[in-house]
Structure formats: C-alpha cells, structure tokens
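Some notes on the structure that comes next.
Bear in mind these aren't lab numbers, they're just calculated from the coordinates by the rules spelled out. What you see is a predicted model, and the numbers here were worked out from it, not measured in a lab. Positions of Cβ are backbone-derived with ideal geometry, glycine not excepted, and every protein chain shown enters the neighbour counts.
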Amino acid sequence: MLKRFVFSFAAVMNLLLLDQVVKEFAIRRLKDAMPVTVIPNLFNLGYVENRGMAWGMLQGYVWPLAAFACIAIAVLIWKRRSIFPAGVAGTVAELLLHAGILGNLIDRMARGCVIDMFDFHWGPHHFPCFNVADSFITVAAGLLVAMGIVESWKEQRLKNRKGDARHGQA
C-alpha cells in the first residue's frame, strides 16, 4: 500500500512538474508575443489567460472552480476503487486525472487564471486553446470511456455465452 502511494505521488508530482514547466515557458516566451506557428494552418503556440473553464465557460468564476476542483479531487480519492478499474490503464487514468485537475488548480490559486498555449486550427476555425493539464484530463477521460466500453463488451459476450449454453448452443 505504501509502495503504491509513493509511486502514485511521485508520478503525479512529475506530471505536475511537466505541466508547470510548460506553463512557465508560455509565460516567459509567449506572453505579449505573436503566436508561434509550429505547423502552418494547423498548430500554433500562443498565450491565453483563461479565467473560466473549458471553452471559456464560466469566465470570472476562478474561486468557485477552484473549490470544485478540490471537491473533485476529494471524491476521486474517496471513491477511487469504484471509479478507476484495477490494472495499468486504470492507474494511468487516475494519475493523469489527478495531475490535470491539480495542475489547473495551482494556476487558479497562484495566478487567478489558467494558462493555455496549445492552439489547433483548420484555417480560420480554432479549437479552444488548452494546456498540458487539460491534455492529461482528456486522455484520462478517454481511457475511462474506453475501459467502460471494453467492460461492457466483455459483459455482453459473457451474457451471450450463458444464454447460448442454456439453449444448448455451444
């Protein structure tokens, strides 16, 4: 149990460090500068101070969003066994989700906003700017959805096999 906690703590701290280093880079190199084109007509590095949440919703609600993040972390820890499946993918999803929530929480509490820098676009159509912590949250959510789908398929296959066995079909 202690070994798992130490591993998890170290992993989340390293992910947080990555998130905060990238945000510090954005502050030092991208703030008050023109966006840097990485892939023309697709990807820029820019600088956005987001005082809301995803897609700029709830602008100006920094402290309520910070409180929500604290509650979310507490619930994730409290209900971790029912939220995150056992195994590597479940552990990865858990660690990414914790790091992502904490990374944006640190920004809200220390800076009063979340620093975003990744700007994907197709011509004039821009996807909302995001950061490393947002990527962690998105990948964790994707993993949880994928694991849920796989588990559902397994349950359905098992149910079908039991039904076939009852009806003499093997």
Query raised in the report: Which whole-number percentage describes the relative contact order of the chain, with Cα contacts under 8 Å and a sequence gap of 6 or more?
Result: 26
Query - Relative packing of 134-141, 111-118, 74-81, 23-30, which averages over residues the other C-beta atoms within 10 Å, highest first - result: 111-118, 134-141, 23-30, 74-81
Query raised in the report: When the convex hull of the Cα atoms of region 2-143 is projected onto a plane and the area is averaged over all directions, what value comes out in nm²?
Result: 9.3
Query raised in the report: List the aspartates and glutamates whose alpha-carbon lies under 15 Å from that of K31, not counting same-chain residues fewer than 8 positions away?
Result: E49, D116, D119
**Report entry** Acute angle (nearest 10 degrees) that the helix 62-78 long axis makes with the longest principal axis of the chain, alpha-carbon atoms
**Finding:** 30
Report task. Give me the net charge of I27's neighbourhood, meaning all other residues with Cβ under 11 Å from the Cβ of I27; Lys, Arg count +1, Asp, Glu -1. Result -> +1
Query raised in the report: By how many degrees, 0 to 90 and rounded to 10, does the Cα axis of helix 2-25 deviate from the longest principal axis of the chain?
Result: 30
Query raised in the report: So how far, in whole Å, is the C-alpha centre of region 91-167 from the one of region 8-37?
Result: 20
